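Structure first, commentary second.
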Amino acid sequence: MSTLDPAAAAPARPWSIAGSPLTWAALALLLVYPFVASPFFIYQVGGYALVLGIIALSLMFLAGYGGMVSLSQMSAAGLAGYMVAILGSNSVGTGFDWPWWVVVPMAVLVGALFSTGTGLLAVRTAGIYTIMITLAIGMALFLLTQQNYAIFNGHSGFAGIAAPVVLGVDWHQPVPFYYLALFVAAACYAAVLYVARAPFGLALQAIRDNPRRMHALGFHVLAHRVAAYAFAGVIAGLGGVLLVWFNGRISPGTIGVDRMIDILVIAIVGGIRHPAGAFLGAIFFVILETFAIDIVGAERFNTMIGMLFLVVVVFSPDGLLGLWGKARRSLQRQELPNN
Amino acid sequence: MAEPVRTTLGDTGAYALELAGVGRRFGALAALSDVTMSVRAGERRAVLGSNGAGKTTLFNMITGDIALSAGSIRFFGEDITRFPTYERIRRGLRRTYQISQLFGRLSVRDSVFLACRGVSRRRFSFVRPRPDDATLEQAGRIMSAVRLEGRAEALVAELSHGEQRQLELALALAGAPRFILFDEPAAGLSPHERRELVGILTALPAHIGYIIIEHDLDIALRVAQRVTMMHNGRILKEGTPEEIESDPEVQEIYLGGGHG
Ligand SMILES: Nc1ncnc2c1ncn2[C@@H]1O[C@H](COP(=O)(O)OP(=O)(O)OP(=O)(O)O)[C@@H](O)[C@H]1O
Ligand SMILES: [Mg+2]
C-alpha cells in the first residue's frame, strides 16, 4: 500500500495548528510571485490556478476526508458564478445590479445549498455510484442552464461581469486579482486543514474508514455527510465567484462535463490525500493547458491530459504529493547508513 | 435532534434490557427465533453457544446494526425497537465487534476521542478541542484503562491484533456507557492479554452491566453472574454458571462432553 508522507496526511502532533516550514515557504513564494512574473503569468497562470485549486479543494475535502467523490463541485461553483452574473450586473442587461457585498454572500450561499442538495441525494450511495449520481446532477444543471433563457440566458450565458472596485482597488487587474485569489485560497486551505482536525473533520474521516462503527458510536452518519457537502459547497461557491470574475463571463460550457472532469483530474493528479494536492494539481493543469495547446494543438490537449492522468495514477496513486513523499522517504533511506 | 433524556437507574425499573419474541431471518435461514430474555441493570451476563448459534445476530438486533424481523426490545424501560443505532448508543448502549471495526487511518487517540464525543452534542463541532478539553482527558483515561496510552499517536492500521482488540474495548467504554455488549473480546488474545481483559471487565463500575459472548468457558464463568445458552437461534438454557456447567444437555451440545 502506498501511503502519503504521514507527516502530511496525519500530522504527528495532531492538535497543533501551526503549519510546517514547507507551508510557510510555499506561502512566501506565492506572495513574492507577482514581483517576478509578467502580468500574463500573474493572471492567466497564477490567478487561474488558484481559482481552479479552490474548486478542486472542495472536491478534495469530500473525497479525501469523506471518501465521497463528487463530480458536481464544479456545478456548485458554476451556479455561484451564475448568481454573480444574475444578481450583479452583466452585459446582457438582465442583472439585478445589486452591490457586490450582497451578491457575493448570496452566490456562495446558493452554491452551498446546491452542494447540500447534491449531498442529500448522494450520501446513501458509495464509490462509483456517488460518481454517477453527482455526474447526473451536474449534467442536469448544465442542461438547465443551456435550455433556460429566462434565468440563465441559454447557451450564450452572460458576459461583461467584472470584479468590483473596492477600497480604490480594481480587483479585476492582474496583481489585485492574484492577491485576492491567493487570500481566498489560503483561507480555504487553512479552514480545511483546521476542520480536518476538529471533531467534525475527524468524524468525517472515521465515517470514511468505517461508517458502521460510527453509527455504533452515536454518530448520525448521513447527516454528517450532508454537512460535509454543505461545507464543501461554501468552498466551491467562493471558487465560483472568483472564476466568473476571472473569466468575465459564464455560460453552460463553464460547467460542462469536461470541466467537471477537469476538477477531478486536478484533485487526483495533485493528490487527494492532502489539501495541498488540489493546488499542486491546479498549477500543473493550468501550465499544461496554457502551453501544451501551443505545442500539441487544442484537439490533442485532452488526449495528453488523459495520458498524464494515467501515468500519475499508475505510478503514484497519491498524485504529485505522493511522488514528493516517495522522494523524501528514499532520500531519508539513503542518509540512514551515515548515521 | 433531541438529546435523550437521561433517566436515573432508580426510576427505570430493574431491567437494562428486555427482549420479547425477537427473531431474524436471512432468507430461508432463521438466524434467531423467538428470543425472550431480560437482563437486570448492572448485571453481567455471558452468552454461550456454538458457531452459528445466533449470538452475534442477537447483538446486531439489540444495537440495530441489523433490523429485526419480529419482536421488540426495551432498553431501561424504553421501547427502542424502531430506533436507529445512533439513538440507542446515545441512551448508553455500547458494543464491541467480533471482527474489529476500527478507523484504519486515524490515530488511537482520535478514535477514542470520537467515541467520547459521539454521545455529546459537540460531535458536530467545527472547533478543535483545547489541550485541557474534558473529552480529551476522558479519552486519555480510557486509553490508560485498556493499556493503550503508549500507543496514543499510532495509526490504527499499524496496531497489532491484540492492540486492536484493546481499542475495540476502549471504544465501547467511552462516553459513560450504561450497558455494553462484548462480542468475543478474548478471541485471538494471548493468555497474558486474556488476564488483562478479565481485569478490565471485573474492574468496571458496578452500575455498568454487560453481556459477553465468549467461547472460553473459563473466562465466561469468571466474569458473568448468569449464563444464557443459545443453540440454533434459540435460547436453550439460562441460569447461574454452576447450573449451566452441570447441565447434562448443555454439556452434550456445547461442551461435547469433553471440556467440562
Ligand atoms: N448478515 C447476514 N446475512 C446472512 N446470514 C447471516 C448474516 N449474519 C449472520 N448470518 C447467519 O446467521 C447465523 C447466525 O450467525 P451469528 O453470526 O449470529 O452466529 P454466532 O453465534 O455469532 O457464531 P460465531 O460463534 O461463529 O460468531 C449463521 O448461520 C450465519 O451464517
Ligand atoms: Mg459471532
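The values are calculated or read from the model by the stated rules, or taken from the named source; none is laboratory data. Because the structure is predicted, anything quoted here is derived from the model rather than measured. With ideal geometry, Cβ positions are generated from the backbone for all residues, glycine too; neighbour counts draw on all protein chains shown. Keep in mind that these areas ignore ligands, DNA and RNA; they rest on the heavy atoms of the full protein, side chains included. Shrake-Rupley method; radii C 1.70, N 1.55, O 1.52, S 1.80 Å.
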Tell me the angle of helix A:319-335 to the major Cα principal axis of chain A, expressed in degrees between 0 and 90 and rounded to the nearest ten. 30 degrees
Sorted from largest down, what three extents in whole angstroms do the Cα atoms of the protein assembly as shown have along their principal axes? 89, 67, 45
Amide H neighbours of residue B:49 at under 5 Å, excluding residues fewer than 5 places away on the same chain, with H built from the backbone geometry, are B:230
What angle do you read, to the nearest 10 degrees and between 0 and 90, between the alpha-carbon axis of helix B:161-173 and the longest principal axis of chain B? 80 degrees
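Quick check on the protein assembly as shown: helices-only [θ] at 222 nm, where DSSP H runs of length 4 and up contribute -39,500 (n - 2.57) each and the sum goes over total residues. Nearest 500, please. Could the numbers behind the result be given before it?
Working: 22 runs with 304 residues, N = 599.
After summing the helix terms and dividing by the residues of the protein assembly as shown, the value is -16500 deg cm²/dmol.
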Leaving out ligands and nucleic acids, note down the accessible area per residue over the protein assembly as shown with a 1.4 angstrom probe, in whole Å². 43 Å²
Note on the range A:101-217: the mean projected area of its alpha-carbon convex hull, in nm², is 10.5 nm²
Using Cα centres only, tell me the gap between the range B:67-89 and the range A:36-65 in whole Å. 49 Å
Heavy-atom accessible area of the range A:211-335 with neighbours in place, 1.4 angstrom probe: carbon+sulfur share in percent works out to 69 percent
What are the semi-axes of the equivalent ellipsoid for chain B, taken as the square roots of 5 times the Cα gyration tensor eigenvalues, largest first, in whole Å? 30, 23, 17
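What area, in nm² and to one decimal, does the C-alpha convex hull of the range B:122-260 cast on average over all directions?
Details: hull surface 43.4 nm².
Mean orientational projected area (the range B:122-260, Cα hull): 10.8 nm².
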Projecting each Cα onto the charge dipole of the range B:102-177 (Lys/Arg +1, Asp/Glu -1 at the beta carbon, about the Cα centre), which of B:102, B:164, B:148 comes out farthest on the positive side? B:102
Average silhouette area of the range B:102-177, convex hull of alpha-carbon atoms, in square nanometres: 4.8 nm²
Can you give the log10 of the normalised intensity I(q)/I(0) at q = 0.19, 0.20, 0.22, 0.27 Å⁻¹, computed with Debye over equal Cα scatterers of the range B:143-221? -0.84, -0.93, -1.12, -1.55
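Taking the Cα centre of the protein assembly as shown as origin and charging only Cβ (+1 Lys, Arg; -1 Asp, Glu), how large is the dipole, in debye to the nearest 20? List each step's numbers first, then the result.
Values: 48 positive and 43 negative charges, 98 e Å.
My answer is approximately 480 debye.
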How far is helix A:21-36 tilted, in degrees, relative to the longest principal axis of the Cα atoms in chain A, given as a value from 0 to 90 rounded to the nearest 10? 40 degrees
For the range A:49-142, convex hull volume per residue from C-alpha positions, Å³: 104 Å³
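To the nearest 100 Å², how much accessible surface do chains A and B hide from each other in total, with a 1.4 Å probe? Write down the numbers at each step before the final one.
Numbers: alone 16460 and 12600 Å², together 25800 Å².
Using a 1.4 Å probe on protein heavy atoms, the buried area is about 3300 Å².
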Residue A:292 and residue B:20 label points (each 7 Å along its Cα→Cβ direction) are spaced in nm at 6.8 nm
All alpha-carbon distances of the range A:15-335, grouped into 20 Å bins from 0, give the whole-percent distribution 32, 59, 9, 0
At what distance in nm do the modelled label points of residue A:29 and residue A:129 sit from each other, each positioned 7 Å from its Cα along Cα→Cβ? 4.2 nm
